[in-house]
Amino acid sequence: MTVKFAVVGAGHIGKRHAEMVCRNEEAELVAIADNGDAAVLGIEKYNVPIFTSLETMLNEGPEFDVLCVATPNGLHAKHALAGLNAKKHVVIEKPMALTKMDCEKVIHQAMAVHRMVFCVMQNRYSPPSDWIKNIIENGTLGRIFMVQVNCYWNRDDRYYKAGGWKGTQDLDGGTLFTQFSHFLDIMYWLFGDITDIKASFADFNHAHTTEFEDSGSINFRFVNGGLGCINYSTGVWDKNFESSITIIAENGTVKIGGQYMNEVEYCHIKDYEMPVLPPANPANDYGPYKGSAANHNYIFDNVIEAIKRGGMPTTNAMEGLKVVEIIENIYRQNQFFREKRGVLAVEAGM
């Protein structure tokens, strides 16, 4: 028995989902929904029914088991809820939603209809991520003192095209949601929640193309102990520079870097010999710019394992919610975000 998938949203990531389904012998792609021109999108090659809306696909399309949500960020919760209401399992691209409240709605509905929600955080599958997770959990590093996450990428006018959803507050949500939520997920996965957040933001290169910051510097404490900081920017000239995490711990120091947090650049740990890790997958290539590691195949292997053989989501909905909550809490330090989301009015009791 194959697991039948349908995809809503046929941009770069949606087509990535479709490709992963088609390459898996236990999966079958049965439909795609997108309101764009199918020929321009390049989705006619999949030879499945194409619908102009999710509603039409759910009402008139073929039966399927799993809905892949690859639409703009601000539509993730809406489309996930529609899939759950139709009794489908749901795979949601990052971020799970743009607010914790919307994540909670998705979780509650999934529980009500007894369906699973899978959040796409594929960087967990890279060899350096798997390695560092193990040595943290087995105590090799000892107590964690300090963690620094640096994310410096290029996103310019080739990316933020006039009339598109990228760069808008309501559909994009911000740089931490769209570009760097993968790396906040890694940080949360390794070290847990954060508190005592202080942040500064700036918009150096994108004031004419986006409704939010392109750069930020955040300091905080981990609830489990230790200090942390995140420095990020999409204002890097011409091409991505790095995504890295540096860990200062009781028994040693580690830095995982490269453009996509995919290389162990430094490892000096007491009484420890660094193993040889398998090579990481290349980054997703979108032409003029590149994204995170191309590990989506592991996500779909997990979906099929969970549905057919009773496995569990490797990135579950509660973890997806926590990443969104952390980003929301960071952005609450941003005056523009607070005004846009109505946070100031709520705090004032208006």
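Values quoted throughout were computed directly from the atomic coordinates according to the rules given, and no laboratory measurement underlies them. Only a predicted model underlies this, so the values are computations on that prediction, with no experimental measurement involved. FYI the Cβ positions are ideal-geometry reconstructions off the backbone, even for glycines, and counts take in every protein chain you see.
Model label sites at E26 and H12, defined 7 Å from Cα along the beta-carbon direction, differ in position by 3.0 nm. Expressed in units of 2.2 N^0.38 Å, where N is the residue count, the Cα radius of gyration of segment 162-296 is 1.17.
Against the chain, whose longest principal axis is taken from its Cα atoms, helix 12-23 shows a tilt of about 70°.
Placing a pseudo-label 7 Å from each Cα along the Cα-to-Cβ vector at M274 and E250 gives an inter-label distance of 2.4 nm. For the chain, the longest principal axis of the C-alpha atoms and the axis of helix 296-309 are separated by about 60°.
Hydrodynamic radius of segment 116-172 by the Kirkwood approach over all distinct alpha-carbon pairs: 15.5 Å. Sorting the segments 238-246, 109-117 by their mean number of nearby beta carbons within 10 angstrom, highest to lowest, gives 238-246, 109-117.
Sorting K161, K105, K15, K88 from the fewest to the most surrounding beta carbons within 10 angstrom yields K161, K105, K15, K88.
Packing around the peptides 66-72, 316-322, taken as the average count of other Cβ atoms within 10 Å per residue, puts them in this order, highest first: 66-72, 316-322. The magnitude of the dipole of the chain, with charges of +1 and -1 set on the Cβ of Lys/Arg and Asp/Glu and taken from the Cα centre, is near 320 debye. Positive end of the dipole of the chain (Cβ unit charges, origin at the Cα centre): among V120, T195, S244, the Cα lying farthest that way belongs to T195. Residues I269, I107, arranged from fewest to most other Cβ atoms within 10 angstrom of their Cβ, appear as I269, I107.
In segment 1-56, a dipole from Cβ-located charges (positive for Lys and Arg, negative for Asp and Glu) runs towards its positive end, and of I13, N35, M1 it is I13 whose Cα lies farthest in that direction.
Give me the percent of Cα-Cα pairs in the chain that sit more than 26 Å apart, rounded to a whole number. Of all Cα-Cα distances in the chain, 50 percent exceed 26 Å. Taken along the Cα-to-beta-carbon direction at a fixed 7 Å, the label points for N59 and N35 span 1.5 nm.
Ellipticity at 222 nm from helices only: DSSP H runs of n ≥ 4 in the chain, each -39500 (n - 2.57), divided by the residue count, give -9500 deg cm²/dmol.
Ranked by the mean number of other Cβ atoms within 10 Å per residue, highest first, peptides 44-52, 146-154, 73-81 order as 73-81, 146-154, 44-52. Contact order, relative form, for the chain: 18 percent (alpha carbon pairs under 8 Å, 6 or more residues apart, mean separation divided by residue count). Against the chain, whose longest principal axis comes from its Cα atoms, helix 181-191 is set at around 50 degrees. Annotation: for a label point projected 7 angstrom from Cα along Cα→Cβ of R332, residues of segment 88-105 with backbone N closer than 19 Å are 96-105.
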